[in-house]
Amino acid sequence: MSSPRIVSKLPQVGTTIFSVIGDLAARHPSINLSQGAPSFPCAPDLIRVTHEAMLAGENQYAPMTGLPELREQLATKIATSYGHHYDAGEEITITASASEALFCAITALVHPGDEVIMFEPAFDSYRPMIQLQGATPVVIALKAPSFAIPWDEVAARITPRTRMIVLNTPHNPTGTVWQAGDQERLALLVRGTDIVILSDEVYEHVVFDGALHQSVIRYPELVERSVAVFSFGKTFHVTGWRVGYCVAPRPLMEEIRKVHQFAMFAADTPMQYGFAHLLQQPAHYQGLAAFYQRKRDLLVSALADSRFTLLPSAGSFFMLASYERISDEADSLFVQRLIRDHGVATIPVSAFYHDATDQRVIRLSFSKDDDTLLAGAERLCGV
């Protein structure tokens with residue numbers, strides 16, 4: 001009896017670096033500075049209200065678009081934060097993670113033969129999501145140490161087939177953030193086109209040094225053609241709950257919801273009650289920038305005597321570190337040696353490039369409790 005012939009839609013995709021590092025760290029007990037998963041508890045109120053919803057029997061399907069009270073809370077939050085009012089009924093959708101929102105937006109709006117501009121290093125889900133639609137990722141490489149957007153190259157790479165531009169600010173893995181000038185340049189480039197902007201803003205509240213998060217929502221010329229994606233998990237320290245949301249003008253959201261209803265239908269019901277409750281207390285997210293900036297600064301200080309060269313982090317949970325003064329190893333080998341010989345887990349930045357561009361830089365996550373950060377830094381200082 002023969003097995004059916006399988007033709008992979010993603011022949012180049014293997015096990016992610018996160019799984020590889022996780023497996024290696026499990027075999028060699030290590031301090032985890034690799035993943036952007038907080039090692040501290042969420043707000044007790046979030047657990048309490050979610051549990052109360054479970055006990056009250058709110059355990060069946062939520063409305064496909066999300067609980068109305070949660071969407072209303074989000075409409076108010078976004079209007080207050082960014083000055084644009086979305087219709088809670090038609091333009092906000094709760095999803096089973098920010099990743100699902102990204103997938104639904106790309107699936108709904110990108111067609112075979114289209115081109116999608118994306119910037120690398122990048123969150124590793126963008127490229128396969130684009131390829132699954134039969135579209136072509138048009139990759140623009142960002143280079144250390146600034147990782148600035150090369151706008152002249154972006155302009156040159158736009159063609160009549162360009163359907164979407166994917167952006168991410170604050171940026172994973174580099175910790176860079178877009179400035180107002182970046183959004184203004186983007187608006188000029190897409191003016192008069194049918195290009196859709198997909199803006200991954202899951203770290204919206206983690207912008208440092210008094211800067212404003214430059215959401216596409218702030219820009220009237222961009223908001224009319226943009227899908228913005230957000231994460232409750234990142235905002236409220238519950239990444240394992242896998243609940244996010246997206247916002248978009250009605251014509252775009254109508255198409256996204258067509259995919260969402262068949263991909264997932266609805267996100268977790270009791271958790272939505274918990275998030276709706278917590279959104280009534282803005283201090284929970286308004287204090288995130290100061291909270292994580294202190295952790296960034298703690299890690300920077302603790303690594304001051306190391307041989308690593310730290311690159312500036314202006315936002316997100318991440319900071320990059322160059323090890324050029326330590327070794328000329330490939331970054332994928334260097335991070336494995338850090339685990340085996342020094343007991344600390346990090347991520348090679350080459351993993352965020354489709355062609356494994358290696359600039360001898362690793363990613364550190366400071367979304368950890370202080371003791372973990374200090375212990376990890378102590379080990380890195382010994383490298």
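Miscellaneous remarks
- Scanning the stretch 310-336 for residues that are more than 21 Å from the chain's Cα centre (by Cα), surrounded by fewer than 21 Cβ atoms within 10 Å (Cβ to Cβ) and part of a loop (DSSP other than H, G, I, E, B) turns up Glu324, Arg325, Ile326, Ser327, Asp328, Glu329, Ala330.
- Among (1) at pLDDT below 95; (2) closer than 17 Å to Asp200 by Cα, the one test that Ala144 misses: (2)
- Sole residue being more than 17 Å from the chain's Cα centre (by Cα) and part of a helix (DSSP H, G or I), chosen from Ile339, Ile362: Ile339
- Residues that are outside any loop (DSSP other than H, G, I, E, B) and in contact with a Phe, Trp or Tyr (Cβ under 8 Å, 6 or more places away or on another chain) within the stretch 1-51 comprise Leu46, Val49, Thr50, listed in sequence order.
- In this structure, Ala267 does satisfy being surrounded by 24 or more Cβ atoms within 10 Å (Cβ to Cβ), under 25 Å from the mean Cα position of the chain (by Cα) and not acidic (Asp, Glu).
- Which listed residue, of Gly36, Gly66, Gly83, is outside the structural domain of Leu167 (by TED's automatic domain parsing) and under 24 Å from the mean Cα position of the chain (by Cα): Gly36
- Qualifying positions in the stretch 82-96 - surrounded by 22 or more Cβ atoms within 10 Å (Cβ to Cβ) and closer than 18 Å to Thr269 by Cβ: Ile92, Thr93, Ile94, Thr95
- All positions within the stretch 218-232 that are surrounded by 24 or more Cβ atoms within 10 Å (Cβ to Cβ) and either in contact (Cβ under 8 Å) with a residue 60 or more places away in the chain or over 16 Å from Ile78 (Cβ atoms) (or both): Val227, Val229, Phe230, Ser231
- As a summary of the residue check, Thr93 satisfies the conditions (1) assigned to a helix (DSSP H, G or I); (2) under 16 Å from Pro249 (Cα atoms) except for the one numbered (1).
- Comparison of Val229, Val190 shows that the only residue that is over 22 Å from Asp152 (Cα atoms), in contact with a strand residue (DSSP E or B) (Cβ under 9 Å, 6 or more places away or on another chain), in the same structural domain as Thr159 (by TED's automatic domain parsing) and not acidic (Asp, Glu) is Val229.
- Residue in the stretch 188-204 that is surrounded by 24 or more Cβ atoms within 10 Å (Cβ to Cβ), closer than 24 Å to Gln133 by Cα, touching a Gly at 6+ places or on another chain (Cβ under 8 Å) and not aromatic (Phe, Trp, Tyr) present: yes
- Top-ranked residue in the stretch 337-375 [being under 27 Å from Pro137 (Cα atoms) and small (Gly, Ala, Ser); ranked as surrounded by the fewest Cβ atoms within 10 Å (Cβ to Cβ)]: Ala356
- Taking the numbered list (1) more than 20 Å from the chain's Cα centre (by Cα); (2) part of a helix (DSSP H, G or I) in turn, Arg307 passes all entries but (2).
- When residues of the stretch 64-85 are limited to those that are of a type in the set (A, V, I, L, M) and in a helix (DSSP H, G or I), the one nearest to His205 (Cα to Cα): Ile78
- Selection of the stretch 94-111 for residues being of a type in the set (Gly, Ala, Ser) and in contact with a Phe, Trp or Tyr (Cβ under 8 Å, 6 or more places away or on another chain) yields Ala98, Ala101.
- Annotation for the stretch 272-289: no member residue is over 27 Å from Gly210 (Cβ atoms), surrounded by fewer than 18 Cβ atoms within 10 Å (Cβ to Cβ) and either touching a Cys at 6+ places or on another chain (Cβ under 9 Å) or assigned by TED's automatic domain parsing to the domain that holds Thr50 (or both).
- Strands (runs of 3 or more DSSP E) enclosed by the stretch 104-199 - at least 2 residues per element that are under 25 Å from Val259 (Cα atoms), within 18 Å of the chain's Cα centre (by Cα) and in contact (Cβ under 8 Å) with a residue 24 or more places away in the chain: 115-120, 162-168
- Candidates Leu299, Leu333, Leu338, filtered to the one that is touching a Gly at 6+ places or on another chain (Cβ under 9 Å) and not small (Gly, Ala, Ser): Leu299
The values are calculated or read from the model by the stated rules, or taken from the named source; none is laboratory data. As the structure is a prediction and not an experimental result, all values here were calculated from the model. Neighbour counts run over all protein chains shown; Cβ positions are idealised from the backbone, glycine included.
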